[in-house]
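J.: Before we start, here is the structure in question, set down as structure tokens.
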Amino acid sequence: MKKILIIGKGGSGVKYMAYVLAVLLANKNWYSTIIYNYDAAVRGGLIEARVVASEKPVTNPYLKKANLIIKLAKTKTEGTYKAKIFLYEKNLNTRNIKAKLSKEINFQDISLKLFNTKQKANMIALGGLLKICGFVKNIKELKKLMPKLDPENIRAVEEGFKLKEVVTY
């Protein structure tokens with residue numbers, strides 16, 4: 001069972017990233033649940049996607065400790081989060097996250113450099129997530145599982161998959 005927490009703010013692509021992950025898992029015949037937590041603000045407010053994925057039916061989607069946390073934007077989060085691995089965007093407050101392994105990765109700068117926009121940062125982070133959790137072995141498998149995914153998003157996921165800072169567990 002893999003437990004994943006994606007933290008961002010409205011507009012940072014958290015919901016889309018979790019949705020793409022859930023579709024990919026369904027195409028692999030895995031079970032998954034997504035629980036969104038967000039405030040009333042449309043843009044700029046806190047959003048979290050809590051994803052629990054398993055090859056067996058998920059009976060309890062509660063996420064107390066995550067295998068992986070990805071933080072994409074500066075947010076005012078409450079409480080303390082725990083994880084094995086934590087990937088986060090550059091220059092973020094990470095005091096409330098406790099992890100065995102933490103890596104600062106500048107997803108937005110990578111996106112800006114490769115795509116001339118920061119909007120692919122979430123897909124680059126998704127590539128790192130897929131590699132860390134072992135959901136796909138390579139981009140060829142991703143393309144097979146997600147044939148309708150936009151080619152630029154595939155390319156962004158591939159860039160995240162190739163990041164040297166990303167490790168598997």
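The values are calculated or read from the model by the stated rules, or taken from the named source; none is laboratory data. Just so it is clear, the structure is predicted and the values come from calculations on it, not from any experiment. Using ideal geometry, Cβ is built from the backbone for each residue, glycine included, and neighbour counts are taken over all protein chains shown.
J.: Tally time: how many residues in the range 9-46 are in contact with a Ser or Thr (Cβ under 6 Å, 6 or more places away or on another chain) and more than 17 Å from GLU89 (Cβ to Cβ)? Spell out the reasoning first.
T.: Initial filter on the range 9-46 (in contact with a Ser or Thr (Cβ under 6 Å, 6 or more places away or on another chain)): 9, 22, 25, 31, 46.
With more than 17 Å from GLU89 (Cβ to Cβ) added as a condition, the list becomes 22, 25, 31.
Total satisfying the criteria: 3.
J.: Any chance the range 93-102 includes a residue that's closer than 19 Å to VAL20 by Cβ and surrounded by 20 or more Cβ atoms within 10 Å (Cβ to Cβ)?
T.: Step one: filter the range 93-102 for residues closer than 19 Å to VAL20 by Cβ, giving none.
No: the range 93-102 contains no residue that is closer than 19 Å to VAL20 by Cβ and surrounded by 20 or more Cβ atoms within 10 Å (Cβ to Cβ).
J.: List every residue pair whose Cβ atoms lie under 7 Å apart, where the two residues are 6 or more positions apart in sequence or sit on different chains, the first residue falls within the range 100-129 and is within 24 Å of ASN67 (Cβ to Cβ) and in contact (Cβ under 8 Å) with a residue 60 or more places away in the chain, and the second residue, located anywhere, is assigned to a helix (DSSP H, G or I) and among the aromatic types (Phe, Trp, Tyr).
T.: Here the result reads ALA121/PHE107; ASN122/TYR16; ALA125/PHE107, each pair linking the range 100-129 to a residue that is assigned to a helix (DSSP H, G or I) and among the aromatic types (Phe, Trp, Tyr).
J.: Let me ask something else. For the range 80-102, check the following and say yes or no: at least one residue is over 15 Å from GLY8 (Cα atoms), out of contact with any Lys or Arg (no Cβ under 8 Å at 6 or more places or on another chain) and at pLDDT 75 or above.
T.: Restricting attention to the range 80-102, the residues satisfying the condition of being over 15 Å from GLY8 (Cα atoms) are 80, 82-85, 95, 98-102.
Keeping just the survivors that are out of contact with any Lys or Arg (no Cβ under 8 Å at 6 or more places or on another chain) gives 95, 102.
After this cut, where a residue has to be at pLDDT 75 or above as well, the list is 102.
Yes; the residues of the range 80-102 include at least one that is over 15 Å from GLY8 (Cα atoms), out of contact with any Lys or Arg (no Cβ under 8 Å at 6 or more places or on another chain) and at pLDDT 75 or above.
J.: Identify all residues within the range 117-148 that are of a type in the set (A, V, I, L, M), under 16 Å from the mean Cα position of the chain (by Cα) and over 14 Å from LEU87 (Cα atoms); write none if there are none. Before you say what the answer is, go through the steps one by one.
T.: Start the filter on the range 117-148 by keeping residues that are of a type in the set (A, V, I, L, M), which leaves 121, 123-126, 129-130, 132, 136, 139, 142, 145-146.
After this cut, where a residue has to be under 16 Å from the mean Cα position of the chain (by Cα) as well, the list is 121, 123-126, 129-130, 132, 136, 142.
Residues satisfying the conditions are VAL136, LEU142.
J.: On the basis of being loosely packed, with under 13 Cβ neighbours inside 10 Å and of a type in the set (S, T, N, Q), does THR59 make the cut? Reasoning before the result, please.
T.: Details: loosely packed, with under 13 Cβ neighbours inside 10 Å: yes; of a type in the set (S, T, N, Q): yes.
Yes, satisfied.
J.: Would you confirm, using the coordinates I've provided, whether GLU158 is surrounded by fewer than 20 Cβ atoms within 10 Å (Cβ to Cβ) and under 16 Å from the mean Cα position of the chain (by Cα)?
T.: On the way: surrounded by fewer than 20 Cβ atoms within 10 Å (Cβ to Cβ): yes; under 16 Å from the mean Cα position of the chain (by Cα): yes.
So GLU158 passes the test.
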